[in-house]
1. Mind listing just one residue for me: the one in segment B:98-111 that is out of contact with any Cys (no Cβ under 8 Å at 6 or more places or on another chain), assigned to a loop (DSSP other than H, G, I, E, B) and at pLDDT 80 or above and, of those, nearest to the other protein chains (Cβ to nearest Cβ)?
2. Inspect all residues belonging to segment B:36-44 and state whether any of them is surrounded by fewer than 17 Cβ atoms within 10 Å (Cβ to Cβ), closer than 15 Å to B:L91 by Cα and in contact (Cβ under 8 Å) with a residue 40 or more places away in the chain.
3. Quick one: count up the residues across segment A:44-89 that are within 14 Å of chain B (Cβ to nearest Cβ), crowded, with 19+ Cβ neighbours inside 10 Å and assigned to a loop (DSSP other than H, G, I, E, B).
4. Tell me which residues, restricted to segment B:61-72, are at pLDDT 90 or above and surrounded by 14 or more Cβ atoms within 10 Å (Cβ to Cβ).
5. Of all residues in segment A:90-116, which are modelled with pLDDT of 90 or more, in contact with an Asp or Glu (Cβ under 8 Å, 6 or more places away or on another chain) and within 11 Å of another protein chain (Cβ to nearest Cβ)?
6. Do you know which residues across segment A:8-23 are modelled with pLDDT under 95 and surrounded by 13 or more Cβ atoms within 10 Å (Cβ to Cβ)?
7. Run down B:S87, B:S95 and say which single residue is among the hydroxyl-bearing types (S, T, Y) and farther than 17 Å from B:H10 by Cβ.
8. Is it the case that B:R81 is out of contact with any helix residue (DSSP H, G or I) (no Cβ under 9 Å at 6 or more places or on another chain) and either assigned to a loop (DSSP other than H, G, I, E, B) or crowded, with 21+ Cβ neighbours inside 10 Å (or both)?
Amino acid sequence: AQSVSQHNHHVILSEAASLELGCNYSYGGTVNLFWYVQYPGQHLQLLLKYFSGDPLVKGIKGFEAEFIKSKFSFNLRKPSVQWSDTAEYFCAVNAQDSGGYQKVTFGTGTKLQVIP
Amino acid sequence: DTGVSQDPRHKITKRGQNVTFRCDPISEHNRLYWYRQTLGQGPEFLTYFQNEAQLEKSRLLSDRFSAERPKGSFSTLEIQRTEQGDSAMYLCASSLRTSGGNTDTQYFGPGTRLTVL
């Protein structure tokens with residue numbers, strides 16, 4: 001069964017600091033990878049996604065993520081965070097199971113708190 | 001608003017009662033997903049539909065849970081004989097899967113927060 005691990009449960013950064021949130025997955029086949037963000041009081045929003053091609057993908061608000069197949073990782077990065085980036089971030093993996101059906105698995109999330 | 005909508009946003013019920021939630025997907029989306037999210041966890045997959053067909057159900061979806069999408073548009077999720085352990089946020093997402101495409105992006109609604117007393 002596929003699984004997603006987000007190593008950091010709670011991250012606290014000062015504004016302008018660089019951010020890297022870890023995401024590792026376990027699945028041997030072809031995967032599609034996503035990062036979702038949930039701002040306080042709001043619903044889940046897509047931040048960026050990787051389907052194929054360039055393993056470095058850029059999303060909204062200056063976020064990017066790099067798919068490293070050999071490490072089964074899809075870490076999220078931002079060079080300089082802002083207070084408005086305070087949110088919970090979820091990594092997700094979308095893969096086909098043995099029956100050909102899509103299955104999406106989410107990580108447990110990382111809460112990011114940016115201090116002004 | 002052309003996003004995914006869910007109704008109600010909050011539901012408080014007593015143990016043993018039945019509840020029903022509704023999800024209206026983005027209009028052209030053919031896939032609709034239900035998830036459950038509890039505190040400190042990511043969304044857990046419950047079930048999904050392609051048009052009106054329910055294609056997969058998670059083992060999390062006990063026989064007290066049933067979902068329908070009768071006309072391939074909106075969907076309902078019913079929980080019968082609710083238990084305190086059913087308290088959670090129930091999320092709906094929709095996506096457009098095109099023929100020949102091998103994946104799709106899900107867009108989430110605001111969720112229905114269920115509290116079972």
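1. Across segment B:98-111, the extreme among qualifying residues is B:P110.
2. yes
3. Selection size over segment A:44-89: 1.
4. B:F65, B:S66, B:A67, B:E68, B:R69
5. A:F106, A:G109, A:T110, A:K111
6. Correct list: A:N8 only.
7. From the options B:S87, B:S95, the qualifying one is B:S95.
8. So B:R81 fits the description; yes.
The values are calculated or read from the model by the stated rules, or taken from the named source; none is laboratory data. This structure is a prediction, so every number in the text was calculated from the model and none was measured. Cβ sites come from the backbone with ideal geometry, for glycine too, and all protein chains shown count toward neighbours.
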